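Worksheet: the structure to be examined is printed underneath.
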Amino acid sequence: MLCRKYSLYDASVEEWTSVLKLAHQWDFSEVKALAIRELENLPIPPLPKIVLYQKYAIERKLLKNALTALTIRDESVTIEEGREIGLETALDLAKAREIARSPVFSGKKPGNPRSPVNLAGVELDVIIKDVFHLPPFTEASTSSQSSTGRDNTQHNTQTGGTGSNSHQCGFVYESRLTLC
């Protein structure tokens, strides 16, 4: 026998979250199921939804749409957002974003899930310095060899770089960690 479940309640996300919190705390499984069912019918932005569902141990499969939205959005996950959703979810999301942006071959499967590194030498040094909030590099640390040991003298000459962290290389980047 198919039993349909209708809602007679008109409550906000905040009210259903309070019900969910108490049901989870007191292990009232039927009330928790009701709160989840009602929350699923309300618009909740992806990040708060992930945080809420993780906090109250709700089935992860219900987060598919929220995780997809964060995977395909243009902006990468910020440090603050990563802290909210936790390390494991943030890293899984970064992996999904990178795979989703990898080249597609024959229109069917993603190619190499690793994005190519398109920067080297001075450009890479500046990114590392800015993203990790490092003090300015000295001439000795950014001379003709990068931290990878590669000789960047020819690259510096071609791009107008001087071996320091000057922005003479003609590239533009965002000054935040991009997990994509």
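Structure notes:
- Test: residue in segment 35-52 that is at pLDDT 95 or above, in contact with a helix residue (DSSP H, G or I) (Cβ under 7 Å, 6 or more places away or on another chain) and part of a loop (DSSP other than H, G, I, E, B): yes
- Filtering ARG83, ARG73, ARG97 for residues that are open to solvent by 100 Å² or more (accessible area, probe 1.4 Å) and within 19 Å of the chain's Cα centre (by Cα) leaves a single hit, ARG83.
- Residues that are in contact with a helix residue (DSSP H, G or I) (Cβ under 8 Å, 6 or more places away or on another chain), part of a loop (DSSP other than H, G, I, E, B) and either modelled with pLDDT under 95 or closer than 30 Å to HIS133 by Cα (or both) occur at least once in segment 79-100.
- If you go through segment 18-34 and pick out every residue that is open to solvent by 80 Å² or more (accessible area, probe 1.4 Å) and either outside any helix (DSSP H, G or I) or in contact (Cβ under 8 Å) with a residue 12 or more places away in the chain (or both), you end up with 3.
- Condition check for LYS55: surrounded by 11 or more Cβ atoms within 10 Å (Cβ to Cβ), of a type in the set (Lys, Arg) and over 16 Å from the mean Cα position of the chain (by Cα): yes
The values are calculated or read from the model by the stated rules, or taken from the named source; none is laboratory data. Small disclaimer: the values here were computed from a predicted structure and weren't measured. Counting neighbours? That spans all protein chains shown, and the Cβs are built from the backbone with ideal geometry, glycine included. All accessible areas refer to the heavy atoms of the entire protein, side chains included, with ligands and DNA or RNA removed. Shrake-Rupley method; radii C 1.70, N 1.55, O 1.52, S 1.80 Å.
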